[in-house]
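J.: For reference, the structure I am asking about is given below.
The values are calculated or read from the model by the stated rules, or taken from the named source; none is laboratory data. Note that this is a predicted model, so its numbers are computed, not measured. Because the Cβ atoms are built from the backbone with ideal geometry, glycine has one as well, and the counts that use them run over all protein chains shown.
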């Protein structure tokens, strides 16, 4: 297997890849105003793996969609890859993976991966080569001609990841992609994802419910509070880069998991102090 | 690594057709049994040919009057096909336009659903007047109107019932409306459209034949059946009905074949089986 | 508590339908204005306004025979025949007669269809042999056989009932088979854990799971019964039903086209009415059910 390293186009020299300044989101509508997000400040540097974790309804998925310009922010600025979020979407700077694989039944696995390339009107040989390379990357090369329903849930998600990487995006947005899988498959997929991340160098923003998963995967864990969603803590994960099965048994791992858990619990109280110090830490990495 | 993976169908086409035919054995057995019993009952109990001629008598009548039957069948078939083409293409066109514009949907869909429950056949005399009794177009229009509404309704439903996650995905690709239409909505709509197409074959056949009952040239299936029945010549009526049934089944099989061609991925998910 | 959609939202389909009907009527008269027969009214609809308009074009489809003025059709309802009864009364009476036949056929067909489906679902051999036959026979234009059955059976109402039950029975059987199988397998496991016998499973699990499918079929069958009743009446010479009225309208068309159109209006009302009735019953029966997912909204 050719070991091509696929480097994504990083952010403009030095600057953060994603920058959120005072972002808030209010949903209007007949049910009344719902304040989903409040005063979010976050900076993410190139090559980071940042997890968003929080109780249900804390707005982490909403935040992810704001970064992806799938829904607009009510207030604040969102800069992705040095541009406004909308431009980043139009330039296809990111790839997205949802909780459900969202594969098209009427296409083969390979053609599903080719979808974004077709939309960009890449010529056929290039599309096919790229799709095959991506399938190799997620180790599904021999399933190119299968139909989505013939694959297991974990395999379908890998196809979705392959598709998300097809355009060599600078950023990968992932919304609880492994939420529907069983624990063992999940842990395997975590390893897979880290391997892919290592190969491509893409910046990843990862929404999850699972504390162990967040700690295992990330370079930083962003803890959010319940509605209105605020960042209550940002925790550096200083585990060695080369993570594997043994990492899960390290003492430091358990310490960090406990820290995240405590941050979540105290976040339920939601104090302004916690938010302020979180904001400082969130911005600490910006240039 | 993972379990529960099936390979793409490696069986040859012949093997697949073979197994498909085998599914039909019990049904064919019941059908043949039914025909045999029917004939026996008629012969043994000497039921007057009046009401229910035996299958053999029908076969004889068929043979006797074949030229007239055949002429009537081809005439009616032309009406049916014209009606199908007109109704289905109009239904598709209006369906696509309606799906595109939300305001059109809100008014046209309820109308189409209500209009679909109107006994369109009651309009047959009007069409006869407009186009002329002797003009096959008058019956073709009945068939066309009957097909139009189900096709239109199903086209709209198929184009609009896309899963929201797929639309989000396309939005993340900054894909334009036309792209979304082409790559997501149309493939999603195909199963719906084919359901309507299958229904249309039956509806068009009914529309043409029953339309002919009202008034039509002698050499048409509807008039043939009506006249033969009027003279209590039931073997001939049934012989003609066999032709009518053959048209219905034949067109249906054509649509199913087309469906397999256009949607090879679909499989038998939606069947009753 | 299930939420009731606000009245304004529920009225939308009705409003949408009325808008289209209105547009059609306007197009109707508009076409006549542009290309029909001359409009000569001394006192238009009794208002005292005189209209004297010659359309610039002259197309046969829009003349007064083929496309009578809308208000003529309305007036036809009020017009009185030799015995002093209004056309409306005559047509409504005929419509009710046809409706009764249709309803009887619908009831028989629904019961037989459901019963057959229950048997088929429980007997494996029947399932494999009958279901393909049923699917195929749906493609046969059953209505085309109607005249035969009606003449053959000689008792007119029996023939019509036979035809309409046949038309109902098919969609109901197919839908019921699907519905009776469409339960959640885990719910079935639950029933098995209670050592529930087949009848209990039928009543408590299969039938409730199949209501959505059944109602879809009922809507189709309701429309089919009306059509079947009219078509069945056609060759039978039955004088009390709508088919007779339509035939009369046909015969006298060139003298007075409005009668046929009036009969068609009543027939349409019958069809729509039957559909709406089933829809309302469905709404009531399924009033506490989980709301359907978006998209497949009728």
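J.: Since residue C:265 meets every condition but one in (1) within 17 Å of the chain's Cα centre (by Cα); (2) over 22 Å from residue B:209 (Cα atoms); (3) surrounded by 24 or more Cβ atoms within 10 Å (Cβ to Cβ), which condition does it not meet?
T.: Of (1) within 17 Å of the chain's Cα centre (by Cα); (2) over 22 Å from residue B:209 (Cα atoms); (3) surrounded by 24 or more Cβ atoms within 10 Å (Cβ to Cβ), only one is false for residue C:265: (3).
J.: Right, something else. So residue C:30 passes all but one of these: (1) free of Cβ contacts under 8 Å to residues at least 40 places away in the same chain; (2) under 16 Å from residue C:73 (Cα atoms). Which condition number does it fail?
T.: Single failed check for residue C:30: (2).
J.: Here is a further query. Select, from A:95, A:57, the only residue that is under 14 Å from residue A:168 (Cα atoms) and not in a helix (DSSP H, G or I).
T.: A:95
J.: Sticking with this one: Condition first: more than 9 Å from chain B (Cβ to nearest Cβ) and in contact with a helix residue (DSSP H, G or I) (Cβ under 7 Å, 6 or more places away or on another chain). Now tell me which residues in region A:134-156 satisfy that.
T.: A:134, A:135, A:137, A:138, A:140, A:141, A:144, A:148, A:156
J.: Restricting the search to region C:39-56, which residues are touching a helix residue (DSSP H, G or I) at 6+ places or on another chain (Cβ under 7 Å) and part of a helix (DSSP H, G or I)?
T.: C:45
J.: Just wondering, is there one or more residues in region A:116-133 that are facing another protein chain (nearest Cβ under 10 Å), crowded, with 16+ Cβ neighbours inside 10 Å and outside any helix (DSSP H, G or I)?
T.: So far as region A:116-133 goes, no, none of its residues is facing another protein chain (nearest Cβ under 10 Å), crowded, with 16+ Cβ neighbours inside 10 Å and outside any helix (DSSP H, G or I).
J.: Among the residues of region C:118-161, how many are facing another protein chain (nearest Cβ under 10 Å), outside any helix (DSSP H, G or I) and more than 23 Å from residue B:118 (Cα to Cα)?
T.: Counting residues in region C:118-161 that are facing another protein chain (nearest Cβ under 10 Å), outside any helix (DSSP H, G or I) and more than 23 Å from residue B:118 (Cα to Cα) gives 1.
J.: Within region A:78-90, identify whether any single residue is in contact (Cβ under 8 Å) with a residue 12 or more places away in the chain, closer than 30 Å to residue B:263 by Cα, touching a helix residue (DSSP H, G or I) at 6+ places or on another chain (Cβ under 8 Å) and assigned to a loop (DSSP other than H, G, I, E, B), and answer yes or no.
T.: no
J.: If I go through region C:174-222 residue by residue, how many of them are out of contact with any helix residue (DSSP H, G or I) (no Cβ under 9 Å at 6 or more places or on another chain) and over 28 Å from residue B:150 (Cα atoms)?
T.: Residues in region C:174-222 being out of contact with any helix residue (DSSP H, G or I) (no Cβ under 9 Å at 6 or more places or on another chain) and over 28 Å from residue B:150 (Cα atoms): 8 in total.
J.: Moving to a separate point now. So, in region B:115-153, exactly how many residues are assigned to a loop (DSSP other than H, G, I, E, B) and buried (at least 24 other Cβ atoms within 10 Å of the Cβ)?
T.: 2
J.: Residues C:105, C:109, C:115: which one is out of contact with any strand residue (DSSP E or B) (no Cβ under 6 Å at 6 or more places or on another chain), farther than 29 Å from residue B:234 by Cβ and more than 7 Å from chain B (Cβ to nearest Cβ)?
T.: C:115
J.: Please specify each residue of region A:148-177 satisfying the condition of being under 11 Å from residue A:93 (Cα atoms) and in a helix (DSSP H, G or I).
T.: A:164
J.: Within region B:154-273, which helices (runs of 4 or more DSSP H) (wholly inside it) include 1 or more residues that are at negative phi and away from chain C (no Cβ under 12 Å)?
T.: B:164-172, B:177-180, B:186-214, B:234-262
J.: Now a separate question. Would you check which residues across region A:41-79 are closer than 18 Å to residue A:218 by Cβ and within 14 Å of another protein chain (Cβ to nearest Cβ) and list them?
T.: A:61, A:64, A:67
J.: Restricted to region C:1-38, and to residues that are closer than 30 Å to residue C:287 by Cβ and not in a helix (DSSP H, G or I), which residue is modelled with the highest pLDDT?
T.: Step by step, filter region C:1-38, then rank; the result is C:6.
One line per residue, one yes/no per condition, for (1) modelled with pLDDT of 90 or more; (2) farther than 22 Å from residue C:141 by Cα; (3) exposed (fewer than 13 other Cβ atoms within 10 Å of the Cβ):
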{"position": "B:40", "(1), (2), (3)": "no, yes, yes"}
{"position": "B:65", "(1), (2), (3)": "no, no, no"}
{"position": "B:68", "(1), (2), (3)": "no, no, no"}
{"position": "B:76", "(1), (2), (3)": "yes, no, no"}
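J.: So for region A:214-221 (the condition being assigned to a loop (DSSP other than H, G, I, E, B), surrounded by fewer than 21 Cβ atoms within 10 Å (Cβ to Cβ) and touching a helix residue (DSSP H, G or I) at 6+ places or on another chain (Cβ under 9 Å)), does at least one residue qualify?
T.: no
J.: Given the residues B:199, B:167, B:159, which is the only one that is under 28 Å from residue A:116 (Cβ atoms) and buried (at least 18 other Cβ atoms within 10 Å of the Cβ)?
T.: B:159
J.: Next up: Within the set of pairs 6+ apart or on separate chains, which have a first residue in region C:43-67 that is under 24 Å from residue B:129 (Cα atoms), a second that is surrounded by 10 or more Cβ atoms within 10 Å (Cβ to Cβ) and at pLDDT below 80, and C-beta atoms under 7 Å apart?
T.: C:66/C:60; C:67/C:61
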